[in-house]
Each structure stands twice: as structure tokens, then as C-alpha cells.
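Novice: Have a look at this one before I ask anything.
The values are calculated or read from the model by the stated rules, or taken from the named source; none is laboratory data. Computed from a prediction, not measured in an experiment: that's the story for all the values here. Counting neighbours? That spans all protein chains shown, and the Cβs are built from the backbone with ideal geometry, glycine included. Just the protein is used for accessible areas: all its heavy atoms, side chains included, with ligands, DNA and RNA removed. Shrake-Rupley method; radii C 1.70, N 1.55, O 1.52, S 1.80 Å.
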Amino acid sequence: PAQTYAIFETDRCRYPTLQHDALRRRIAEEWLPSSGYRLADAPEIVMNFWYRTESKADQRYIQLWIPVEKKV
């Protein structure tokens with residue numbers, strides 16, 4: 001079924017996995033309570049953009065897709 005997602009990204013850097021937990025925590029503690037949304041009962045999606053070439057290693061990032069629905 002269709003689902004609404006809020007999408008967040010880490011900074012683009014060599015090791016974005018080091019930022020993943022902090023980003024998830026900020027979403028839950030800061031963004032979600034003030035956003036007018038709540039977590040929906042749907043899968044949370046994590047997308048890793050992990051470039052293997054050395055020339056793009058500093059451009060790696062992670063997207064977090066958080067399922068949300070409007071608060072009622």
C-alpha cells in the first residue's frame with residue numbers, strides 16, 4: 001500500500017555509517033516530536049550510497065526513509 005516517508009540523509013563523507021545512529025536519534029528526539037507527524041506502522045528503509053572508487057569515497061552517504069502519518 002501507499003505510504004508517506006520523511007527522508008533524511010547523512011553528510012556526504014568517507015564513513016557515513018558513523019553518523020547513522022546520531023541521525024536516527026535526532027529524528028526521533030528532535031524532528032518527530034515537533035513535525036506534526038508520528039511513526040507509521042510500516043517498514044523503515046535505509047539506503048546506502050557507497051561508492052567504491054577512491055575518487056568518490058568522500059561522497060558516500062546514507063538515506064533514512066522514516067514511515068510517517070499526520071497526527072490526529
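Novice: Return the carbon/sulfur percentage of the accessible area of the chain, one whole number, probe 1.4 Å, all protein chains in place. Walk me through the intermediate numbers first.
Specialist: Details: 2650 of 5180 Å².
The computed percentage sits at 51.
Novice: Moving on to the next point. In percent, how large is the relative contact order of the chain, given Cα pairs closer than 8 Å and 6 or more residues apart? All intermediate terms of the calculation are to be shown ahead of the outcome.
Specialist: On the way: 105 pairs, mean separation 35.6, N = 72.
Relative contact order for the chain comes out at 49 percent.
Novice: If you wrap a convex hull around the Cα atoms of the chain, how much volume per residue is inside, in Å³?
Specialist: Working: hull volume 6.3 nm³, N = 72.
Given the Cα convex hull of the chain, per-residue volume reads 87 Å³.
Novice: Something else about it: For the chain, take the longest principal axis of its alpha carbons; what is the angle in degrees between that and the long axis of helix 17-26, to the nearest 10 within 0 to 90?
Specialist: 20 degrees
Novice: Taking the Cα centre of the chain as origin and charging only Cβ (+1 Lys, Arg; -1 Asp, Glu), how large is the dipole, in debye to the nearest 20? Show your work: numbers first, answer last.
Specialist: Numbers: 11 positive and 10 negative charges, 17 e Å.
Dipole magnitude for the chain comes out near 80 debye.
Novice: May I ask you to give the solvent-accessible area per residue for the chain, in square angstrom, as obtained with a 1.4 angstrom probe?
Specialist: Value returned for the chain: 72 Å² of accessible area per residue.
Novice: Let's test the formula: R0 of 25 Å, r as the Cβ-Cβ distance of Glu30 and Gln63. What FRET efficiency results, to the nearest 0.05?
Specialist: Details: r = 18 Å, r/R0 = 0.72.
It comes out at approximately 0.90.
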